Amino acid sequence: MKVAVVVDNELDHDVRVQKEIKLYEHLGYDVSVVCFGFKGETYTNHKIPVTRVEISRKLKNTFYFFNLIFPFYRRLWARAVCNFLKNKEFDIVHTHDLYMALPVKKGIKKSGKSIPLVLDLHENYPIAYASYSWVNKSAFRKFLTRPDKWKKLEKSYLEAADGIIVLSDSFKDELCSKYPGLKNRKWFTLPNVQDLDSFGEPTEATIENNEQIVFLYFGVLGVRRGVFDVMDAFIDLQQRRQDIKLLLIGPLDKADRNLFEEKAKKLNETVFEYIPWVPQNELLNYTQVSHVGLCPLHVNPQHESGVANKIFQYMYAGLPLLVSNCRPQMKIVLENDIGMVFSNQAALLSSIEAFADKKHEEVHAWGEKAHDVLISKYALDSFKDGLHSFYQDLQK
């Protein structure tokens with residue numbers, strides 16, 4: 001199978017694309033990548049052929065910003081795909097993100113080829129786009145970026161694809177319900193599963209846990225991610241118990257910094273610790289001294305489009321999960337019995353106390369089960385046969 005991967009990023013920093021390329025390698029596919037190459041930057045030499053579309057980062061960002069007003073970004077990619085495909089033979093063209101579907105489809109047609117197009121959806125793009133801070137800085141920016149327009153364009157961009165990859169079955173069901181014509185497309189669900197080789201080995205514990213049950217959140221901190229709800233819960237609980245600790249690791253959403261600092265001041269040092277950033281290869285140092293993985297995301301269409309990376313990272317580390325009732329992550333927890341789900345603030349408080357009331361051995365055993373479930377059901381390699389069948393179906 002010969003696959004052309006088109007991604008409007010540079011390959012070196014696109015983790016999902018790198019994971020999929022690893023699946024292709026396991027399947028023995030012949031893979032080539034078309035991606036951006038930003039002027040003045042150096043890149044890793046890869047085993048596979050990589051064709052870079054040379055552009056300055058500033059110009060790329062400008063074209064993307066005005067994507068819905070001017071056709072420059074779409075024309076750039078249609079031309080790049082056309083030029084790439086003209087003298088080559090591929091069985092599949094695989095592109096990433098909703099807004100790339102039509103430009104890549106046009107590029108295929110201009111090349112004179114008839115190649116199935118696979119669209120890989122990393123998120124619920126119309127919802128995500130409308131939430132970007134750079135889109136919402138001012139009314140004038142909103143006028144230029146037109147976030148509501150993606151809701152109207154979504155159908156035509158999805159219909160440009162012959163096959164669609166989503167992060168969760170529930171997101172597929174939502175799209176098919178919204179656009180019944182998509183039921184005839186080929187679908188494949190590939191969650192944000194982890195490449196287990198990307199984790200290193202733990203070296204040393206880097207915080208004190210003092211026999212407390214440590215609740216870990218790893219990722220960007222912000223209101224919509226539910227982190228402040230957890231902080232509120234610990235502000236309440238610290239009044240009556242000291243056997244719990246909240247460990248937050250990750251950068252802050254700039255807009256939420258003041259609120260975070262306000263809540264952090266109300267938390268005692270004995271039950272709260274914040275670390276702004278650690279590299280992923282050091283994450284296991286912190287999971288070794290933690291007991292429960294937190295994913296308290298607010299329920300919204302974007303968060304319900306797939307399962308956050310941190311869910312699988314926690315599972316790999318052998319942590320049971322405490323999650324909000326976003327459907328994809330709730331399904332994993334309840335179907336596999338590897339944690340607790342909460343739907344409101346009262347349930348969050350009671351779940352934290354329920355974890356704390358368990359013996360450490362019980363919590364650890366629950367975490368071991370989470371690790372086993374990850375290895376058996378959600379390791380990257382376990383999706384390779386399904387991906388191969390999906391591609392074969394597109395050839396029929």
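The values are calculated or read from the model by the stated rules, or taken from the named source; none is laboratory data. Since we're looking at a predicted model, the values are computed, not measured. In this analysis, Cβ positions are derived from the backbone assuming ideal geometry, glycine residues included, and neighbour counts consider all displayed protein chains.
Could you tell me whether K155 is within 18 Å of K186 (Cβ to Cβ), surrounded by fewer than 20 Cβ atoms within 10 Å (Cβ to Cβ), without any contact (Cβ under 8 Å) to a residue 40 or more places away in the chain and not polar (S, T, N, Q)?
Details: within 18 Å of K186 (Cβ to Cβ): yes; surrounded by fewer than 20 Cβ atoms within 10 Å (Cβ to Cβ): yes; without any contact (Cβ under 8 Å) to a residue 40 or more places away in the chain: yes; not polar (S, T, N, Q): yes.
Taking the combined requirement at face value, the residue satisfies it.
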Seminar exercise, completed: Those residues of the range 354-376 which are charged (D, E, K, R) and surrounded by 15 or more Cβ atoms within 10 Å (Cβ to Cβ) amount to K358, K369
Exercise. Which of the residues that make up the range 116-139 are buried (at least 20 other Cβ atoms within 10 Å of the Cβ) and closer than 18 Å to Y391 by Cβ?
Worked result: L117, V118, L119, D120, L121
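Specify which of the listed residues (D253, D243, D337) is surrounded by fewer than 18 Cβ atoms within 10 Å (Cβ to Cβ) and within 25 Å of D173 (Cα to Cα).
D337
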For this session: Quickly run through the range 158-169 and pick out the residues that are of a type outside the set (A, V, I, L, M), within 15 Å of E304 (Cα to Cα) and crowded, with 18+ Cβ neighbours inside 10 Å.
Result: S168
For this session: Starting from the range 162-176, keep only residues that are farther than 11 Å from L190 by Cα, then list their pairs with residues that are crowded, with 21+ Cβ neighbours inside 10 Å and of a type in the set (S, T, N, Q) whose Cβ atoms are within a distance under 6 Å, requiring at least 6 positions of separation or different chains.
Result: F171/S305
For this session: Please enumerate the residues belonging to the range 180-219 that are surrounded by fewer than 14 Cβ atoms within 10 Å (Cβ to Cβ) and either modelled with pLDDT of 85 or more or of a type in the set (K, R) (or both).
Result: P180, G181, K183, N184
For this session: Consider only pairs whose beta carbons are under 7 Å apart and that are at least six residues apart or on different chains; among these, list those whose first residue lies in the range 317-345 and is more than 21 Å from D232 (Cα to Cα) and whose second residue is crowded, with 18+ Cβ neighbours inside 10 Å and among the charged types (D, E, K, R).
Result: R327/E304; P328/E304
Exercise. Does the range 141-152 include one or more residues that are loosely packed, with under 15 Cβ neighbours inside 10 Å, of a type outside the set (S, T, N, Q) and within 22 Å of the chain's Cα centre (by Cα)?
Worked result: yes
Exercise. Among the residues of the range 292-304, which ones are in contact with a Pro (Cβ under 8 Å, 6 or more places away or on another chain), of a type outside the set (V, I, T) and buried (at least 23 other Cβ atoms within 10 Å of the Cβ)?
Worked result: G293
Exercise. So which of T44, T51 is touching a residue at least 12 places away in the same chain (Cβ under 8 Å), more than 23 Å from A130 (Cβ to Cβ) and assigned to a loop (DSSP other than H, G, I, E, B)?
Worked result: T44
Problem set entry | Subset of the range 250-269 (residues that are modelled with pLDDT under 90 and assigned to a loop (DSSP other than H, G, I, E, B)) | D253
Exercise. Among the residues of the range 46-90 satisfying the criterion of being charged (D, E, K, R) and within 26 Å of the chain's Cα centre (by Cα), which is surrounded by the fewest Cβ atoms within 10 Å (Cβ to Cβ)?
Worked result: K47
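Evaluate the range 316-331: report whether one residue or more is assigned to a loop (DSSP other than H, G, I, E, B), under 27 Å from P126 (Cα atoms), of a type in the set (G, A, S) and touching a helix residue (DSSP H, G or I) at 6+ places or on another chain (Cβ under 8 Å). Write out each step before concluding.
So the first thing to find is which residues in the range 316-331 are assigned to a loop (DSSP other than H, G, I, E, B), and the list is 317-320, 325-326.
Next cut, under 27 Å from P126 (Cα atoms) only: 325-326.
Subsequent filtering for residues that are of a type in the set (G, A, S) retains none.
Among the residues of the range 316-331, not one is assigned to a loop (DSSP other than H, G, I, E, B), under 27 Å from P126 (Cα atoms), of a type in the set (G, A, S) and touching a helix residue (DSSP H, G or I) at 6+ places or on another chain (Cβ under 8 Å), which makes the answer no.
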Exercise. Going through the range 99-119 one residue at a time, which ones are of a type outside the set (F, W, Y) and assigned to a helix (DSSP H, G or I)?
Worked result: M100, A101, L102, P103, V104, K105, K106, G107, I108, K109, K110
For this session: Scan (1) over 23 Å from I164 (Cβ atoms); (2) in a helix (DSSP H, G or I) for the single condition E304 breaks and write down its number.
Result: (1)
Exercise. Going by the conditions given, is S343 at pLDDT below 90 and either touching a strand residue (DSSP E or B) at 6+ places or on another chain (Cβ under 8 Å) or surrounded by fewer than 20 Cβ atoms within 10 Å (Cβ to Cβ) (or both)?
Worked result: no
For this session: Could you please let me know if K369 is over 22 Å from Q302 (Cα atoms) and assigned to a helix (DSSP H, G or I)?
Result: yes
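Determine whether N309 is among the polar types (S, T, N, Q), surrounded by fewer than 24 Cβ atoms within 10 Å (Cβ to Cβ) and in contact (Cβ under 8 Å) with a residue 12 or more places away in the chain. Walk me through it before giving the result.
On the way: among the polar types (S, T, N, Q): yes; surrounded by fewer than 24 Cβ atoms within 10 Å (Cβ to Cβ): yes; in contact (Cβ under 8 Å) with a residue 12 or more places away in the chain: yes.
Yes; evaluated as a whole, the condition is true for this residue.
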Problem set entry | So G28, is it among the small types (G, A, S), in the same structural domain as I164 (by TED's automatic domain parsing), closer than 28 Å to L387 by Cα and surrounded by fewer than 15 Cβ atoms within 10 Å (Cβ to Cβ) | yes
For this session: Might you check whether a residue that is in a helix (DSSP H, G or I), of a type outside the set (S, T, Y) and either at pLDDT 95 or above or not assigned by TED's automatic domain parsing to the domain that holds E20 (or both) occurs anywhere in the range 91-98?
Result: yes
